[in-house]
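J.: If you scroll down you'll find the structure; I have some questions about it.
The values are calculated or read from the model by the stated rules, or taken from the named source; none is laboratory data. Note that the structure is predicted; figures quoted are calculated from it, not measured. Positions of Cβ are generated from backbone atoms using ideal geometry, with glycine treated the same way; all protein chains shown enter the neighbour counts. Areas reflect the complete protein model, heavy atoms only, side chains present, ligands, DNA and RNA absent. Shrake-Rupley method; radii C 1.70, N 1.55, O 1.52, S 1.80 Å.
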Amino acid sequence: MSTTLQDQTTTAQRCDTLIQHALVIDGSGAEPVAADVALRAGRIAAISAPGSLDGWQAAQVIDGTGKVLSPGFIDVHTHDDTNVIRMPEMFPKLSQGVTTVVVGNCGISAAPVTLKGDPPDPMNLLGQSSAFHYPSFASYVAAIDAAQPAVNVAALVGHTALRSNHMDRLDRAATSTEIAAMRSQLEEALTHGALGLSTGLAYANAINAPTEEVLALAEPLAAHGGMYATHLRSEFADILDAMEEAFRIGKHARVPVVISHLKCAGVDNWGRSKEVLAALELAERHQHVGCDCYPYTASSSTLDPKQVTDDYDIQVTWSEPHPEQGGKLLATIAADWQVDMHEAARRLMPAGAVYHCMADDDVNRILRHPATVIGSDGLPNDPLPHPRLWGAFPRVLGYYSREQQLFSLAVAVHKMTGLSAQRFGLHERGLVRQGYWADLVLFDPDTVRDAATFTDPMQPAHGIEAVWVNGVCAYQGAQKKATGERAGRFLARQRPPVNSSSSSSSNP
Ligand SMILES: [Zn+2]
């Protein structure tokens with residue numbers, strides 16, 4: 001290791017925590033190596049051969065024999081925007097080994113937001129109007145600092161959120177004056193550390209935004225080193241056109257593109273993952289593109305009449321006018337009410353749903369692709385949440401890596417840590433490296449698995465032994481309990497700005 005001799009003789013003999021004899025998977029994609037790891041002052045102080053740090057004085061010594069030590073998981077796709085402040089324990093994430101969440105996805109964010117009434121769909125996924133108190137991005141950062149969540153938080157700014165701040169109605173294109181107002185709010189957010197811009201162009205409140213609106217809004221991103229993440233305008237028949245639109249926006253703005261929860265949705269679309277990934281690979285030759293994916297064949301969001309079909313099960317998870325229908329299949333509700341499913345959906349809205357809309361082969365192919373990182377897309381305010389909220393990361397390790405052997409454990413960890421940090425510009429995170437922040441998870445590679453199911457979704461995972469956030473132990477697996485220590489912090493964007501004269505070929 002690169003610790004200097006002077007360090008070794010003066011301060012390096014002490015540490016806060018010494019984890020001994022673990023199998024270290026460092027997040028780079030490299031194969032596991034047995035090592036001892038010392039944590040000091042929030043960072044990784046030393047990584048050395050087993051036994052070689054035995055002389056160190058450690059306030060706490062952990063026996064990692066038979067366990068894997070990896071970087072803490074980075075959940076790049078979340079809707080935890082208001083929950084990191086309202087429920088800073090963040091137990092559904094912490095208990096999976098997640099140490100950082102990226103909020104503000106799918107065009108919806110808690111900041112900067114000034115509501116005129118109820119939050120427009122799907123901003124209602126983030127909470128009711130009383131949960132939105134952040135008219136500026138700076139005020140949101142201050143609220144995170146004050147709340148001290150158990151996990152780190154990095155944030156995108158949502159296009160739909162900006163639209164709702166400046167437009168009287170969302171079923172039309174923004175005017176140039178409105179775009180200018182949205183841009184200045186985006187710039188305020190970028191100045192205060194936002195990662196970039198997200199869109200949710202498939203949703204009713206953004207679908208009438210033409211590409212030109214997003215092109216104009218995205219222009220300030222490059223000067224700040226920002227990025228563009230998008231819930232595509234279509235994940236159904238028109239997915240290739242929607243991807244083309246995303247790449248065009250990234251090219252115009254000269255910023256990296258992340259396609260959110262890439263999927264082939266709808267029976268007519270099953271089997272098209274080869275085509276979709278080929279389009280991604282083609283774009284990769286000319287610009288920085290990637291995607292995230294959650295490890296399930298069912299999606300979940302607000303109930304959308306456009307997605308109502310009898311091709312597969314649609315489970316209603318909540319309904320404002322009919323809360324008693326939560327948990328039932330839409331087809332059952334429609335039969336009970338003696339109406340068709342579209343009419344039933346109309347009566348249930350606003351509502352939430354789980355759509356079993358994907359094929360195993362497509363999900364496998366997308367998960368396995370080298371451009372794919374893992375994001376949960378968990379919905380923390382849903383009373384019957386899709387199990388991804390509690391299970392996404394252990395499911396990748398247990399089901400997809402160990403049981404299905406879709407990829408090695410080292411590759412699985414890379415997709416949840418090192419590659420994720422690189423994609424989202426999270427500095428000194430995502431790898432077990434000397435000097436990096438000590439976001440770490442210790443897990444049992446033989447038993448780690450998700451326990452959350454569609455019928456019983458709020459279950460902490462098995463096999464997560466301990467989780468450290470910025471060097472502080474936040475979760476102990478033996479009791480499946482949080483320690484109560486909340487050492488997470490807001491992570492400001494660290495990606496360097498794009499030089500106005502340089503091409504997009506430099507590696508971020
Ligand atoms: Zn989305």
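J.: Would you pull out the residues with amide H under 5 Å of residue 151's amide H, same chain only if 5 or more places away, H placed 1.01 Å from N?
T.: Result for residue 151 returns 488.
J.: Here is a further query. Quick query: amide H of residue 61 versus all other amide H atoms, modeled in the peptide plane; which residues come in under 5 Å with a sequence gap of 5 or more or a different chain?
T.: For residue 61, whose amide H was placed from the backbone, the distant partners under 5 Å are 18.
J.: Right, something else. Which whole-percent values make up P(r) of the chain when all C-alpha to C-alpha distances are grouped in 20 Å steps starting at zero?
T.: Answer for the chain: a P(r) of 24, 57, 18, 1 percent.
J.: Amide H to amide H under 5 Å from residue 14: which residues, 5+ apart in sequence or cross-chain, H placed 1.01 Å off N in plane?
T.: The list, which skips near neighbours in sequence, is 57.
J.: Which whole-Hz ³J(HN,Hα) couplings does the stretch 434-450 yield from phi under the Karplus relation 6.51 cos²θ - 1.76 cosθ + 1.60, θ = phi - 60°, glycine and proline marked x?
T.: 4, x, 6, 4, 8, 8, 9, 9, 10, 9, 8, x, 8, 10, 4, 6, 6
J.: Rounded to the nearest 10 Å², what accessible area does residue 211 have for a 1.4 Å probe in the complete protein model?
T.: 30 Å²
J.: Residue 492 versus residue 148, label points 7 Å from Cα toward the beta carbon: distance in nm?
T.: Reported label-point gap for residue 492 and residue 148 is 2.1 nm.
J.: Another question, then. Mind checking which aspartates and glutamates have their C-alpha under 18 Å from residue 328, skipping anything on the same chain fewer than 8 residues away?
T.: Candidates past the 8-residue exclusion: 304, 310, 311, 313, 320, 336, 340, 343, 382, 456.
J.: Report the accessible area of residue 465, computed with a 1.4 Å probe over the heavy atoms of all protein chains in place, in Å² rounded to the nearest 10.
T.: In the full protein context, residue 465 sits at about 70 Å².
J.: When a/c reaches 1.5 or more, the comparison of a/b and b/c decides; with that in mind, is the stretch 169-327 rounded, prolate or oblate per its Cα gyration tensor?
T.: It comes out oblate by the Cα gyration axes.
J.: Right, here's the next one. Roughly what would the spin-label model give for residue 405 and residue 446, points 7 Å off Cα along C-beta, in nm?
T.: It is 1.9 nm.
J.: What accessible surface, in Å², does a 1.4 Å probe find on residue 130, ignoring ligands, DNA and RNA and rounding to the nearest 10?
T.: 90 Å²
J.: Taking θ = phi - 60°, what integer Hz values does the Karplus form 6.51 cos²θ - 1.76 cosθ + 1.60 yield along the stretch 128-133, in sequence order, with x for Gly and Pro?
T.: Calculated HN-Hα couplings, in order: 7, 4, 5, 8, 9, 10 Hz.
J.: If you roll a 1.4 Å probe over the heavy atoms of the protein chains, what accessible area per residue do you get for the chain, in Å²? Can you show the working numbers first?
T.: Details: 18850 Å² over 508 residues.
Computed with neighbouring chains in place, this is 37 Å² per residue.
J.: What is the percent carbon and sulfur in the accessible area of the chain, measuring with a 1.4 Å probe over the protein chains and ignoring ligands?
T.: Using a 1.4 Å probe with all protein chains present, the chain comes out at 50 percent carbon and sulfur.
J.: When the Karplus curve 6.51 cos²θ - 1.76 cosθ + 1.60 is applied with θ = phi - 60°, which whole-Hz ³J(HN,Hα) does each residue of the stretch 117-123 get, with x for Gly and Pro?
T.: x, 5, x, x, 4, x, 4
J.: Over 10 Å intervals from 0, what percent of Cα-Cα pairs in the stretch 371-508 sits in each interval?
T.: Reading the bins upward from 0: 11, 33, 38, 13, 5, 0.
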